[in-house]
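Visitor: One structure is given below, represented as structure tokens, and several questions about it will come after.
The values are calculated or read from the model by the stated rules, or taken from the named source; none is laboratory data. What you see is a predicted model; the values in this text were computed from it and never measured. Reconstructed Cβ throughout: ideal geometry from the backbone, glycine too, with neighbour counts over all protein chains shown.
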């Protein structure tokens, strides 16, 4: 089927269950699509073609299984998540040849659901970036305009979904790394509540912030992926044993937004917001009101301090987490080193890119004696205030809404000389990670000036993913789908 890549995950799932197409045929068509557009998009670090075809043929040999909701569906996984026997590089030279001996919890759940993993997607090195330009293996391009970034750090996953190279993908979100690339590439991205999805098998960047989540072309597809990967895992001490509702059923049952109170934070609509982004997001809010929702002005007064607090906490945790990559047990080792300290210095200097080294150094500084109280402790206190802001706002409304990013996708290389400017692009997404709450990016149109996708962010209370998806489903039907990416 030459047009297979245009199908939704849900549509392919139905065709597979009905026997109209086999898992092997779907996987082969997906690999053909990857080969056709990968030279332009560069979304993958690893394409596991032969392995994926073998897995798909094994599924065909047993026949469709209605108990496995993703039976035969080709998906991709961000290269920070362990897949047994497949390289897990984290976009870094220091792990270029590392192959885990186990599957991450979420990968195991995908396999149990019947999904076929076609490869590992590109990312900013160790998830430290907002553009997928900081990968050691080169930048990924946005399928809407291949001269522009796809967002980051899960830009490879977002680009692969938008380009039809897979039917869904997993990303990670530490400060917006699912929602922002989903917004830039015109797909749906869900950052679950902290603790809703196990991080076991995910290489840590900021352990108190990281969360794995799904990305797909539609809200329904995203709900199916989320349902497959969510759940309690005793191997992850931060994973919460909370009841998981039937998310796809909740989505199907929600026909309008009557009685829903949508909070509109004043801080998300101010200076720096591009007019085309504001116009598209305001139109989406008008559509919500037309379907019965009540728009409620709210305030999140500590938002201006979120960027500083986030980068102190994230870099401090990165400094600690990345200390394990020292050239001793696995990863790159400099062979010219003559003694132990020299090996540490040479291996880490060669293996880590400039942005990762910058964040490790800043993180080490803010944790050092004499500076801990001034920086890390103060950031943790601000984090508590930000959590309180969300708690107060969510007492008055059911969900919050605002832009995902103040701008649409910028040109490749445009922010190379000013990393702080790129950090500031996360202003609307990082607060949610500090608070540990769920958020969803929904494509709501194309910017009037750029012609590029604009994402609306839905934010909700802890473990409120089903509600976010249900609200997003109503808006998706109201606004209609985006056209195919113009860059391809």
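Visitor: Hey, any hits in the stretch 371-393 for a residue that's in contact with a strand residue (DSSP E or B) (Cβ under 8 Å, 6 or more places away or on another chain) and part of a loop (DSSP other than H, G, I, E, B)?
Guide: no
Visitor: Is it fair to say residue 57 is more than 12 Å from residue 164 (Cβ to Cβ), out of contact with any strand residue (DSSP E or B) (no Cβ under 7 Å at 6 or more places or on another chain) and surrounded by fewer than 20 Cβ atoms within 10 Å (Cβ to Cβ)? Working first, answer last.
Guide: Details: more than 12 Å from residue 164 (Cβ to Cβ): yes; out of contact with any strand residue (DSSP E or B) (no Cβ under 7 Å at 6 or more places or on another chain): yes; surrounded by fewer than 20 Cβ atoms within 10 Å (Cβ to Cβ): yes.
Considered against the rule, which asks whether it is more than 12 Å from residue 164 (Cβ to Cβ), out of contact with any strand residue (DSSP E or B) (no Cβ under 7 Å at 6 or more places or on another chain) and surrounded by fewer than 20 Cβ atoms within 10 Å (Cβ to Cβ), residue 57 comes out as yes.
Visitor: In addition: If you scan the stretch 72-97, which residues turn out to be modelled with pLDDT of 95 or more and either part of a helix (DSSP H, G or I) or out of contact with any helix residue (DSSP H, G or I) (no Cβ under 9 Å at 6 or more places or on another chain) (or both)?
Guide: First pass over the stretch 72-97, keeping only residues modelled with pLDDT of 95 or more: 72-84, 86-95.
Result: 93, 94, 95.
Visitor: Is it the case that the stretch 325-335 has a residue that's within 30 Å of residue 435 (Cα to Cα) and not in a loop (DSSP other than H, G, I, E, B)?
Guide: Pass one, the stretch 325-335, residues within 30 Å of residue 435 (Cα to Cα): 325.
Add one more test, that the residue is not in a loop (DSSP other than H, G, I, E, B), and what stays is none.
There is no residue in the stretch 325-335 that is within 30 Å of residue 435 (Cα to Cα) and not in a loop (DSSP other than H, G, I, E, B).
Visitor: Exactly one condition in (1) touching a helix residue (DSSP H, G or I) at 6+ places or on another chain (Cβ under 6 Å); (2) in contact (Cβ under 8 Å) with a residue 60 or more places away in the chain; (3) within 24 Å of residue 309 (Cβ to Cβ) is false for residue 188; which is it?
Guide: (3)
Visitor: Would you point out which residue out of 119, 91, 138 is in contact (Cβ under 8 Å) with a residue 24 or more places away in the chain, assigned by TED's automatic domain parsing to the domain that holds residue 227, surrounded by 24 or more Cβ atoms within 10 Å (Cβ to Cβ) and out of contact with any strand residue (DSSP E or B) (no Cβ under 6 Å at 6 or more places or on another chain)? Outline the logic, then answer.
Guide: Working: 119 fails: out of contact with any strand residue (DSSP E or B) (no Cβ under 6 Å at 6 or more places or on another chain); 138 fails: surrounded by 24 or more Cβ atoms within 10 Å (Cβ to Cβ).
Every option except 91 fails the conditions.
Visitor: What's the number of the only condition in (1) surrounded by 23 or more Cβ atoms within 10 Å (Cβ to Cβ); (2) over 14 Å from residue 77 (Cα atoms) that residue 96 fails to meet?
Guide: (1)
Visitor: In the stretch 454-474, which residues are in contact with a helix residue (DSSP H, G or I) (Cβ under 6 Å, 6 or more places away or on another chain) and in a helix (DSSP H, G or I)?
Guide: Of everything in the stretch 454-474, those that are in contact with a helix residue (DSSP H, G or I) (Cβ under 6 Å, 6 or more places away or on another chain) and in a helix (DSSP H, G or I) turn out to be 466, 469, 470, 472, 473.
Visitor: With the requirement that a residue be under 23 Å from residue 407 (Cα atoms), modelled with pLDDT of 95 or more and part of a loop (DSSP other than H, G, I, E, B), what does the stretch 254-274 give you?
Guide: Listed by number, the residues that qualify are 273, 274.
Visitor: What do you reckon, is residue 451 at positive phi, outside the structural domain of residue 180 (by TED's automatic domain parsing) and either surrounded by 14 or more Cβ atoms within 10 Å (Cβ to Cβ) or not in a loop (DSSP other than H, G, I, E, B) (or both)?
Guide: no
Visitor: Still on this model: Can you find, within the stretch 336-364, the residue that is farthest from residue 305 (Cα to Cα) among those that are more than 28 Å from the chain's Cα centre (by Cα) and surrounded by 15 or more Cβ atoms within 10 Å (Cβ to Cβ)?
Guide: Selected residue: 337.
Visitor: Does residue 286 meet the test of being surrounded by fewer than 14 Cβ atoms within 10 Å (Cβ to Cβ), at pLDDT 95 or above and closer than 16 Å to residue 457 by Cα? Break it down into steps so the answer makes sense when it comes.
Guide: Details: surrounded by fewer than 14 Cβ atoms within 10 Å (Cβ to Cβ): yes; at pLDDT 95 or above: yes; closer than 16 Å to residue 457 by Cα: yes.
Yes; evaluated as a whole, the condition is true for this residue.
Visitor: Without any contact (Cβ under 8 Å) to a residue 12 or more places away in the chain and either assigned by TED's automatic domain parsing to the domain that holds residue 86 or touching a strand residue (DSSP E or B) at 6+ places or on another chain (Cβ under 7 Å) (or both), is that true of residue 23?
Guide: Values: without any contact (Cβ under 8 Å) to a residue 12 or more places away in the chain: no; either assigned by TED's automatic domain parsing to the domain that holds residue 86 or touching a strand residue (DSSP E or B) at 6+ places or on another chain (Cβ under 7 Å) (or both): yes.
Answer is no for this residue.
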